[in-house]
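So the structure is just underneath, and the comments pick up after that.
The values are calculated or read from the model by the stated rules, or taken from the named source; none is laboratory data. Note that the coordinates shown come from a computational prediction; the quantities given were computed from them, not determined experimentally. Backbone-built Cβ (ideal geometry, glycine too); neighbour counts: all protein chains shown.
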C-alpha cells in the first residue's frame, strides 16, 4: 500500500477523534513529543494551544528578585545552563502558559517601609501564577524581609502555593505571616523543609507543625516516603515528640533531621527532657517498638553546634545457619 495514502489515513483517523479523546491522548505525551505533535497539522496545534495549561510543559526554575531597586525575573530551563534575565515589568507572562514553573525562588525583597513597586510585583506574580495554572512544587524564599503591610498579599500567595509545595526552603527571611495552618492539612505534600535564620509569626509553632505533619505521614502507611527537616532554634520537647511518634509507627520511614544552634545549654535541656520522659537510650540511640532492628541515632557536632537525627536499620549480612553478622546502614540525602 502506498505510504502517502497510509499517512493521510492515519492523520485523518486521528483528526476524527472527539476532542475529549484527543485531549486524553495528548495528556500522555511529554513536552518534547508535544512540540513535535504541533507540527503534524493545524488542528493538533490548535488543540494543544487551547489546552496547553493542562498538558505537560517543559520545567523551568523561575527567580523573582530585586536588583538596584528594580524587580527582575529570570528563567532557567531544567538541565540547561543558560539563564534569561529580564525586567519584571517587561516580561510577557503569556509564555507561562507553555512552561511549567517547577521551582519558584523569591529573593532580595528587603524593605522596612511600604514599597508600591514591590507590592505590585507580588500582586502580579500571584495573578499570573493563577492564570497560567502554575503551582510549583519547589518554593525558595531568600532574604525576603518585609513589614506587616505585605501580610495580606503574602497570605494570598501562600494560600495558593503552600498546599502543593513539596520543597520549602526559607533562608534569612522576616515574614509577617503565620505558616503553621498550611502544614496540618492532609493535602499538603511537603517532604523537604528548611527554615534557617528566619522569623515568622509563631515560627516555633510552624516548625512543630511540620514535624507533626511528617509524623502523621508515618502513620499513613507509606514506608517509602522520605523527608528532610532542617531548622534553627527548635525545642527539645518538639524533637522528643517526633522520636516517640517514630518509634511507635508501623512504618519505619527514612528521614534526615538537622538542628542548628544546639549549644551546650540546648544539649542539657534535651538531656533533661529525655530523662523526664524515660527515653534515655544507649549512646543516644532510640529503638523502634514495632521493628526489632530499627532505631534512631542522634549525634551532636560541637564545632558547628548542630544536632543530627536519622534512622539506622540492622540487617543480617549472612544467610540462615551461619553466625549472624549485622551490618548497619542508613539512607543519606
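Looking only at the stretch 232-248, decide whether some residue is within 23 Å of residue 174 (Cα to Cα), modelled with pLDDT of 80 or more and touching a strand residue (DSSP E or B) at 6+ places or on another chain (Cβ under 9 Å). The answer is yes, given that some residue of the stretch 232-248 is within 23 Å of residue 174 (Cα to Cα), modelled with pLDDT of 80 or more and touching a strand residue (DSSP E or B) at 6+ places or on another chain (Cβ under 9 Å). When residue 63 is tested against the conditions (1) assigned by TED's automatic domain parsing to the domain that holds residue 145; (2) surrounded by fewer than 13 Cβ atoms within 10 Å (Cβ to Cβ), the lone failure is (2). Number of residues in the stretch 79-108 that are touching a helix residue (DSSP H, G or I) at 6+ places or on another chain (Cβ under 6 Å) and crowded, with 17+ Cβ neighbours inside 10 Å: the value is 3. Among the residues of the stretch 46-98, none is identified as part of a helix (DSSP H, G or I), under 21 Å from the mean Cα position of the chain (by Cα) and free of Cβ contacts under 8 Å to residues at least 24 places away in the same chain.
When restricted to residues that are in a helix (DSSP H, G or I) and within 19 Å of residue 99 (Cβ to Cβ), the stretch 27-45 contains 8. Screening 300, 272 for residues that are surrounded by 15 or more Cβ atoms within 10 Å (Cβ to Cβ) and over 21 Å from residue 190 (Cβ atoms) leaves exactly one candidate, 300.
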